[in-house]
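Everything on this sheet refers to the single structure shown next.
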Amino acid sequence: MQIEPQAFARVLSSMCTKPHPVAREAAERFLATNPGDPGTYPTISALEEEAIATLGEITGLEDPAGYVASGGTEANIQAVRIARERAETRRPNVVMPESGHFSFQKAANLLGVELRVVPTDDRHRPNLEATRASVDDDTALVVGVAGTTEYGRVDPIPELGEIARSVDALLHVDAAWGGFVLPFTDYEWHFGHAPVDTMAIDPHKMGQAAVPAGGLLVRDCDLLDELGVDTPYLESTSQATLIGTRSGAGVASAVAAMEELWPAGYRSQYVRSQNNAEWLADALEKRGYRVVDPTLPLVAADVPESTFEALRAKGWRISRTATGELRVVCMPHVTREMLAEFVADLDRLEVRASVPIPSDG
């Protein structure tokens, strides 16, 4: 096959990135191993334990448990599944902010739980009074987001933890994107800051591992028992993962990337990405666009639809928020040169749009 993969030279909307060279090499070596059968493949099983240990260090979890999932969607579904199995009600519900990932809609449909969506405030964070009003004795899970996909916001996780505990519900934090930048900020978002029970965190996003490499972490390993099924024909006798056979590529690449980059490399990358986001936000503001302050390396700006479509026609891979704003994620592959080229194209389009069309007469 001669088709080449997507180049990253103009990709500004993705939360995935080019894997680090050491992650790419590790992924290739462990491609055919199966962490889903640890009895047969003990080497990759040991690497998965190493991955979970490092993810626990990153997220303030002293005695970490979990597994390397396919991504945030799987981890979020599994968190809802754990909560449903733990709930002592026949009508479990999950309460999440409207900024929550669409994977929770999938989870609710698959698992037959009610999803209660809470509005966000003018800072794009959950309205806490509305959250308190939404929980009840049937609430199995409260969801908080640490790095929202549209605006890069961090929910008030300790306060959400208090609300969850008030109705004896579990607290899940979706840090799929934010988990590898938040350790270098002052936000309170992880197991050490609040009574978090489960968490999604993806090495294949800001962690620079190969796709797919997500992560599901649990505070108490007993929570994984809610997911366990017997696997009598395998060398291992039970399995807690959603996917059965998994490629060891994700596990090995996550370990390789984290060994290479945690913590100094990730700190440096966060500073670079955040500086890029602030540079772009400033450039857009100077051109008269309304910009949402980038508290993490993600920029949202109110760019006209015609301009947005013209930028896409020039090959820029950009996306929009639910309310139509331009959305740019400053991932590790996004350079200042890329952003300067993007702004230059934006300027040329705006100049062209402002030139009056001569009349025939």
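Quick look at the numbers
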| quantity | calculated |
| --- | --- |
| Qualifying residues in region 33-87 (those that are open to solvent by 40 Å² or more (accessible area, probe 1.4 Å), in contact (Cβ under 8 Å) with a residue 24 or more places away in the chain and assigned to a helix (DSSP H, G or I)) - the one farthest from H101 (Cα to Cα) | E50 |
| Residue that is farthest from G288 (Cα to Cα), among those in region 319-334 that are in a loop (DSSP other than H, G, I, E, B) and open to solvent by 40 Å² or more (accessible area, probe 1.4 Å) | A322 |
| Selection status of S103, touching a Pro at 6+ places or on another chain (Cβ under 6 Å) and among the hydroxyl-bearing types (S, T, Y) | no |
| Residues (under 19 Å from P97 (Cβ atoms), over 13 Å from the mean Cα position of the chain (by Cα) and touching a residue at least 60 places away in the same chain (Cβ under 8 Å)) located in region 173-195 | H190, H193 |
| Condition check for L224: hydrophobic (A, V, I, L, M, F, W, C), modelled with pLDDT under 95 and either farther than 21 Å from V68 by Cα or part of a loop (DSSP other than H, G, I, E, B) (or both) | no |
| Some residue of region 14-24 being in a loop (DSSP other than H, G, I, E, B) and charged (D, E, K, R) | yes |
| Condition met for M206 (in a loop (DSSP other than H, G, I, E, B) and under 27 Å from E260 (Cβ atoms)) | yes |
| Residue list for region 9-32, filter: closer than 15 Å to G250 by Cα, of a type in the set (K, R) and surrounded by 15 or more Cβ atoms within 10 Å (Cβ to Cβ) | K18, R24 |
| Selection status of A240, in contact with a strand residue (DSSP E or B) (Cβ under 9 Å, 6 or more places away or on another chain) and open to solvent by 20 Å² or more (accessible area, probe 1.4 Å) | yes |
| Residues of region 1-13 classified as part of a loop (DSSP other than H, G, I, E, B) and modelled with pLDDT of 90 or more, total | 5 |
| Unmet requirement for E285, which otherwise passes all of (1) out of contact with any strand residue (DSSP E or B) (no Cβ under 8 Å at 6 or more places or on another chain); (2) of a type outside the set (A, V, I, L, M, F, W, C); (3) under 27 Å from D122 (Cβ atoms); (4) at pLDDT 95 or above | (1) |
| Unique match (being in contact with a helix residue (DSSP H, G or I) (Cβ under 9 Å, 6 or more places away or on another chain) and among the small types (G, A, S)) among A281, A240 | A240 |
| Any hit, region 197-209, residues being more than 29 Å from V334 (Cα to Cα) and not aromatic (F, W, Y) | yes |
| Qualifying residue in region 63-81 (condition: over 17 Å from the mean Cα position of the chain (by Cα) and closer than 21 Å to G207 by Cβ) | yes |
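Yes/no per residue for (1) touching a Cys at 6+ places or on another chain (Cβ under 8 Å); (2) more than 18 Å from Y151 (Cβ to Cβ); (3) β-branched (V, I, T):
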site	(1), (2), (3)
G265	no, yes, no
Y270	no, no, no
V292	no, no, yes
D302	no, no, no
E305	no, yes, no
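The values are calculated or read from the model by the stated rules, or taken from the named source; none is laboratory data. In this text, all values refer to a predicted model and were calculated from it rather than measured experimentally. Note: ideal-geometry Cβ built from the backbone for every residue, glycine included; neighbour counts use all protein chains shown. Please note that ligands, DNA and RNA were not included when accessible areas were found on the heavy atoms of the full protein model with its side chains. Shrake-Rupley method; radii C 1.70, N 1.55, O 1.52, S 1.80 Å.
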